[in-house]
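Everything on this sheet refers to the single structure shown next.
Only the coordinates and a few stated rules stand behind these numbers; no lab work does. Everything quoted here is computed from the prediction, not taken from an experiment.
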Amino acid sequence: MASLYEAAGGGEGLPAAGRGMDRRAIACFDQALEDVRPQLGEPLRQALHDYFAWATTTMMAQDQESADGVPAGLTIPRWSWDGLQR
């Protein structure tokens, strides 16, 4: 079964260097999750992976030079067990 991150394109559209850094960050986060897997359980581990992967490849990729580059009225995305809530 594909993760929500993979189903959403897995960082497609980012420059190759950015995708590589994103993949390494996600792999590091996943390793940390593996280290505590017995305490987490699979549903929570998968939800945390999907959220981190999504945030890394979408929200973090929109880095702004300053607060002036952030659109007015921007809302905080909501995430649930089922992924991004639209």
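Listed values for the range 79-86 are Karplus-derived 3J(HN,Hα) couplings in whole Hz (6.51 cos²θ - 1.76 cosθ + 1.60, θ = phi - 60°), namely 10, 9, 4, 9, x, 4, 9, 9, and x replaces Gly and Pro. Along the range 42-48 the Karplus relation, 6.51 cos²θ - 1.76 cosθ + 1.60 evaluated at θ = phi - 60°, assigns HN-Hα couplings of 5, x, 5, 4, 5, 5, 5 Hz to successive residues, with x for each Gly and Pro.
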